[in-house]
Amino acid sequence: MSATIHASLTSDKINIQGAYDFVADDAHGAIDVFVGTVRNLHEGQNVLGITYDAHEGLAKNVFTQICLEAQSRWQGTKIYLSHYNGELDIGGISIIIAVSSAHRANSFEACRYIIEEIKKRAPVWKQEHYENGRSEWLPGHSLNEANSE
Amino acid sequence: MNEITLNIKFFGGFRKFGEGLSFAVPTGSTIATIKAVLLEKLNGETLVLDSVLANDNEILRDDDILNSDASLSILPPVCGG
C-alpha cells in the first residue's frame with residue numbers, strides 16, 4: 001500500500017508537480033493545491049526576500065501530526081506538505097500543501113486546516129529583508145498557547 | 001548542591017544572541033525556573049516570556065523537572081507558512 005502522507009522540511013526548491021503527482025489518485029476527483037510564496041511588500045515596506053528558520057526535528061513531527069489530524073477529520077484524503085527552510089527571493093515558494101479526495105469539499109477544507117495549523121503550531125520562523133537594508137524577525141503565535149490547549 | 005548543565009539552542013528572534021548558550025542550574029529545576037535564568041542571562045529579553053523550551057521531541061511544560069544534563073531549544077512565537 002502506498003503512503004498517503006508526505007510531510008517534509010526542505011532546503012531544495014519546492015516542486016509543485018511532485019506534490020500533485022503524490023496525491024493524484026484514480027479514485028479521487030479533486031486535488032486542492034495551496035502554494036505559499038514570498039511577496040514584495042509587508043506593512044508598507046519593500047521586501048527583498050525572506051530567510052526561513054526551523055527546528056528541523058520538531059517541525060517534521062508537527063507537520064506529520066497536523067497531516068494525521070487532517071486525514072482523521074477528512075478521511076480518505078491524500079496529503080503532500082513541504083515547507084522550505086533557508087533563504088528565498090521574491091516569488092520563491094515557501095510552502096506547498098496538496099490534498100486529494102473523492103469530492104472537492106474535503107480537499108478544500110483539509111488544505112485550509114493544514115495551513116492554518118502550521119501557522120499556529122509549527123516551529124518555523126521568518127526573517128524579512130527590506131530594501132532599506134534592515135532585517136526583522138516577524139512576530140507570530142506563541143507556542144505557550146498551543147501547549148496549554 | 002548538585003547541578004546539571006543545559007545547552008540551549010536559539011532560533012528565530014533569538015539568533016541575535018548567537019547559536020545558543022550553556023549554563024548550569026540546580027538538579028531538579030523546573031522549566032519555569034530555567035526560563036527565568038535564561039531571561040536573566042539574556043539581559044531581560046522579553047521574547048523569553050512568550051517562548052517555550054523544548055527537547056528534540058516535544059515542548060516542555062513549565063512544571064516539568066530536569067534531573068540530568070540536557071540539550072534544549074528556546075522557541076519564540078512561530079510564523080511559518
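The values are calculated or read from the model by the stated rules, or taken from the named source; none is laboratory data. Since the structure is predicted, the reported quantities are computational estimates derived from the model, not experimental observations. Here the Cβ is made from the backbone with ideal geometry for all residues, glycine too, and neighbour counts use every protein chain on show. Surface areas here come from the heavy atoms of the whole protein model, side chains and all, with no ligands, DNA or RNA. Shrake-Rupley method; radii C 1.70, N 1.55, O 1.52, S 1.80 Å.
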Residues located in region B:5-39, provided they are part of a strand (DSSP E or B) and of a type in the set (A, V, I, L, M, F, W, C): B:Leu6, B:Ile8, B:Phe10, B:Leu21, B:Phe23, B:Ala24, B:Val25
Answer from A:Gly57, A:Gly86, A:Gly44, A:Gly133 - the residue that is on the phi > 0 side of the Ramachandran plot and either touching a residue at least 60 places away in the same chain (Cβ under 8 Å) or within 11 Å of another protein chain (Cβ to nearest Cβ) (or both): A:Gly86
Filter result for A:Ser101 (open to solvent by less than 50 Å² (accessible area, probe 1.4 Å), under 20 Å from A:Thr37 (Cβ atoms) and touching a residue at least 24 places away in the same chain (Cβ under 8 Å)): no
Selection within region B:63-81 - in a loop (DSSP other than H, G, I, E, B) and away from chain A (no Cβ under 14 Å): B:Asn67, B:Ser68, B:Asp69
Cβ pairs under 9 Å, 6+ apart, first in region A:112-123 and more than 9 Å from every other protein chain (Cβ to nearest Cβ), second β-branched (Val, Ile, Thr) and assigned to a loop (DSSP other than H, G, I, E, B): none
Region A:60-75, subset within 12 Å of chain B (Cβ to nearest Cβ) and open to solvent by less than 70 Å² (accessible area, probe 1.4 Å), residue farthest from A:Ser107 (Cα to Cα): A:Val62
Residue list for region B:38-62, restricted to those being away from every other protein chain (no Cβ under 12 Å) and not polar (S, T, N, Q): B:Leu38, B:Leu39, B:Glu40, B:Lys41, B:Leu42, B:Gly44, B:Glu45
Candidate set from region A:39-59 (those that are of a type in the set (Val, Ile, Thr) and under 20 Å from the mean Cα position of the chain (by Cα)); member that is least open to solvent (accessible area, probe 1.4 Å): A:Ile50
Output for region A:6-35, where each listed residue is open to solvent by less than 40 Å² (accessible area, probe 1.4 Å), part of a strand (DSSP E or B) and out of contact with any Ser or Thr (no Cβ under 7 Å at 6 or more places or on another chain): A:Leu9
